[in-house]
Amino acid sequence: MSQDAPLRIDAKELFSAKVEDYLEVQSALQRGAEEIEPQSWFLRMIYSSWFYLSMCAGLGGFCGWLIMEPFIDDQEVREEGLQAAAGLLVFPTVGSMIAVFLGAAEGIMCRNARRAVISGAVGLGVGFAGGLVALIPTAFVFGAMMLIAASFAKDQAPGQMPTGIALLILMMGRAAAWAIISIPAGLGQGIALREKKIVFNGVLGGALGGLIGGLLFDPISFVFITKDGQAMVSRAIGFSVVGLMVGLFVGLVEGWTKTAWLLMRKGPLAGKQFVLFKDTTILGSSPKAEIYLFKDEAIEPRHAIVHNRGGRFELEDCQTPDGTYVNGIPIKKHLLQNGDQIVMGKTVLEFTLREAKG
C-alpha cells in the first residue's frame, strides 16, 4: 500500500473495545493539557519561604520589643546595667516571639489555621524555655567578650559606646549571644511536625540568622540612638532585624537542603512550593494533610500520598472518585520523575527532584 493511499476503517474496527480504550486515554490526557501562565516575579517572591519566613520572624522580633520595652530604662541601663528582671527575660522573650511567628508562618501561608496554631504554640514554649536555658552560655560568651572589649577601651568614658577594636569585639560577642539564643527560636515548627530535617533547618538557620542579626545590632544603635542616650528606636529596629535574619536564613537553609518538592502551578496557592521532607506526605482537603489543598470540591480529605522510598518518590492515589493524574494519565501508583505534572481536581502541581551531586 502506498503512503498516499487513504486509510479505511470498517464499522467493526471503529466500535471495537480497543478504540474505546484509546479514546478514554485521550480524554484523560486533556486533564493537564491546558496551558498554564507563568507566575509573576512578585508572586514567586511572596511564596518563597525565605521571604515570608523573614517577614514573619521580623514581626516576631518587633512584638518581643513591644513586650519588653516598657520594662527597660535607658538611664538605669547606662548607669547600673539592665534591671534584673528585664535583663533576665529580654533574650528569651524576643526569641520566643520570633519562634511563635516563625512556627506559624507556614500554616498562615497555606491557610491552615490548625497547623499555624499548633506550630506557633510549640514555638512559644520551646523558644521561651530554650531561651532561658540558653541564657547560661549566652551570659558566659557575652560577658567574656565584654571584658575583653573593656580591656581595649580603658580610656573610654562611662556609658560611652566603645570604638575601634573594642567595638568590633563587642559586636562579635553580641553576634555570638544572639546566635545561641536564636537556636531555640528556630526549633518550634520542626518539633511540632516531628520532622528531623525541619529541626536541622531551624537550628542552622536560627544560628546563622542570629549571628548576622546580632552583628548588625550595634551599628543600628549607633545610627538610631538619641543624643541623650535613649535607645528605644534602635532596640525596636535591632530586635526586628534579628528576627528578620533568623527567618531569612531558616528559609535559605531550607532551599539549600531540599531534594524534592511540589510547585503549585494552578490552584489557590499557585506559586507556592511544598518541600517533601517526610517519608509519607499526604495531599488532600483535610487541614491535617501535610499539603492542604482547599477550595477544590473534587479533592478528597486524603486524596493522594507521596512515598519517599530512599530518594525515589512514588505517588499513590487513595482510590478517589475523581482520580489523580500524572501528565494527563490517571494513575493508581506512579514513580515520579523530574518535571511530572500532577493534576487533582482543579489543582496542578509540578514535581521537581534535585539530583544528588556525585
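The values are calculated or read from the model by the stated rules, or taken from the named source; none is laboratory data. Everything numeric here is computed off the predicted structure, so don't read it as measured data. We place every Cβ from the backbone using ideal geometry, glycine too, and count neighbours over all the protein chains shown. All accessible areas refer to the heavy atoms of the entire protein, side chains included, with ligands and DNA or RNA removed. Shrake-Rupley method; radii C 1.70, N 1.55, O 1.52, S 1.80 Å.
Miscellaneous remarks
- Label-to-label distance, nm, for residues given as GLN319 and LEU88 (7 Å Cα→Cβ offset): 5.9 nm
- Relative packing of 184-190, 167-173, which averages over residues the other C-beta atoms within 10 Å, highest first: 184-190, 167-173
- Loop-resident trypsin sites (Lys or Arg not before Pro) (DSSP state other than H, G, I, E or B) in the range 262-293 with no more than 13 further Cβ atoms inside 10 Å of their Cβ: LYS288.
- For the range 95-156, the set of trypsin sites (Lys or Arg not before Pro) satisfying both a DSSP loop assignment and a count of at most 12 other C-beta atoms within 10 Å is given as LYS154.
- The range 258-356: C-alpha gyration tensor shape, a/c 1.5 cut-off, then a/b vs b/c: rounded
- Extension gain from LEU335 to ASP228, taking 0.36 nm per residue of separation minus the Cα-Cα distance: 31.8 nm
- Ligands, DNA and RNA are left out, and with a 1.4 angstrom probe the accessible area of the range 165-307 is 40 Å² per residue.
- Each of GLY229, SER240, ILE191 was scored by the projection of its Cα onto the charge dipole of the range 190-244, and the greatest displacement toward the positive side belongs to ILE191; charges sit on the C-beta of Lys, Arg, Asp and Glu.
- Prolate/oblate/rounded label for the range 135-283 (Cα gyration tensor, a/c 1.5): prolate
- Its Cα centre serving as origin, the range 186-326 has a Cβ charge dipole (Lys and Arg +1, Asp and Glu -1) of approximately 260 debye.
- Net charge contributed by nearby residues that have their C-beta within less than 10 Å of GLY107 (K/R +1, D/E -1): +2
- Protection proxy ranking of 205-211, 174-180, by the mean of other Cβ atoms within 10 Å over each peptide's residues and highest first, is 205-211, 174-180.
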